[in-house]
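Everything on this sheet refers to the single structure shown next.
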Amino acid sequence: MRSFLILTALGVGFLLLAVDLLFIGGMERLVEASLSPQRPEQRNALLIGANPWPGYEPLFLARDQGHFKPDQVSLVEYPSATLVIKALRNGAINGAALTLDEVMQLRETAVPIQLVALLDYSNGGDAILARPQYPDLSSLKGRNIGFENSALGGFFFSRALDLMGLKQEDFRMVPMQVDEHAQAYSEAKVDAVVTFDPHRTHLIQLGAKEIFNSSQIPGEIVDVLAVRQSFIKEHPEQVQALVDGWFEGLRYLREQREPAMAAIAQRLSLSKPATEAAYRGIEFPSRSESLSAFSGQPSEFESRAQRLFDYMRHHNLLSRPVDLSGLVETRFIKNAP
């Protein structure tokens, strides 16, 4: 440690500059790199990013049950949706589990992705939680609200405000990644957060109270599997393995409930009762239901996407038009094993 005392002024300046560079953007790149598989057998695999959310867990169940070969599909878990989106934009991964509004953000910046599967609908799993002294959104006027601006948080909070007749200007918005919510709450940096499980459960354990959830906007929070178009074209067999694996994981969750819930509870650091409670707020469409939603001209899903785009443009959540043509690719759902 004493060696630091004899650093020249230039050396100190260089050190401080290096520290600044590390923490201003550099840390996120380090996180992306450290979470991206680099083993030789995975270099040509379909790399799928996901952040912690119970709705994505059938993917990890499929992996753990051996449905993904290492040279076919590899799952890359990031601590937040913000990092998943950034990794997909940067080409660090080939696809991701995303909400439909996140897909809109990626398409807005011309990231060429298509949707290959419908994963789930949030029916209570996304929520706004506040300190007990704030019983509703109106009581939070002028208070600090933590939310993940680059992901689902912006859209979800905007919809809640619409229903309550409030405006975002009524609040002090504090952008932060979802994995920072519990710490920000415990340190009194925010009075409420826009979040989802497993972070929702952790915040409730800290004393936060739920004042709004996605069951109040049924069918609007949708999760999908998105893959780069170039990868779909060059490696359709791996995309097929991904989609088939998803439905195998979903089947395991339904038919082997106890061991599946135990595995998920361990992965998400939740108790078994909390894990069961989290799944009461999520709906999983079957393969046939997914195909039905994706079929038609336009399909039910494409109509939903158009309504979402119109809403996001109207509320300045998107800054430019989004090309929705060719958004959905149905062949991988159709090709059931």
Review point. Can you give me the relative contact order of region 221-337 as a percent, contacts being Cα pairs under 8 Å and 6 or more apart?
Key: 28 percent
Review point. Could you give the longest part of the chain that holds none of the trypsin sites (Lys or Arg not before Pro) found in DSSP loops with at most 12 neighbouring Cβ atoms within 10 Å?
Key: 44-166
Study note, to complete from the structure: So Arg307 and Lys209, fully extended at 0.36 nm per residue minus their Cα-Cα distance, gain in nm 32.2 nm
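How large is Rg over Rh for the chain, taking Rg from the Cα atoms and Rh as the Kirkwood inverse mean of 1/r across Cα pairs?
0.99
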Check your understanding: What 222 nm value per residue comes from the helices of the chain, counting each DSSP H run with n ≥ 4 as -39,500 (n - 2.57) and dividing by all residues, nearest 500 deg cm²/dmol?
Key -> -13000 deg cm²/dmol
Practice item. Normalise the Cα radius of gyration of region 137-260 by 2.2 N^0.38 Å (N = residues in it) and let me know the number. Key: 1.34
**Study point:** Portion, in percent, of the accessible area of the chain that falls on carbon or sulfur, probe 1.4 Å
**Key:** 52 percent
Study note, to complete from the structure: Counting only residues 5 or more apart in sequence or on a different chain, those whose built amide H sits under 5 Å from that of Val73 are Leu46
**Study point:** Cα-based reach from Lys86 at 25 Å (exclusive), listing lysines while leaving out same-chain residues under 8 positions away
**Key:** Lys233
Check your understanding: How many nm is it between the label spots at Asp71 and Glu289, if each spot is 7 Å from the Cα in line with the beta carbon?
Key -> 3.7 nm
Practice item. Two decimals is fine: what is log10 I(q)/I(0) at q = 0.16, 0.18, 0.20, 0.23 Å⁻¹ for region 252-315, from a Debye sum with one equal scatterer on every Cα and no solvent? Key: -0.74, -0.78, -0.82, -0.89
Exercise for review: Hydropathy first: keep DSSP H helices in the chain averaging at least -1.0 on Kyte-Doolittle, then drop any whose Cα extent along the axis falls short of 15 Å, and list what survives.
Suggested key: 9-21, 152-164, 236-255, 257-268
Exercise for review: Work out the FRET efficiency for Glu300 and Leu324 from their Cβ-Cβ distance, taking R0 = 22 Å, and round it to the nearest 0.05.
Suggested key: 0.95
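The values are calculated or read from the model by the stated rules, or taken from the named source; none is laboratory data. These numbers were taken from a predicted model, which means no experiment stands behind them. Please note: Cβ atoms are built from the backbone with ideal geometry, for glycine as well, and neighbour counts cover all protein chains shown. Ligands, DNA and RNA are excluded from the accessible area calculation, which covers all protein heavy atoms including side chains. Shrake-Rupley method; radii C 1.70, N 1.55, O 1.52, S 1.80 Å.
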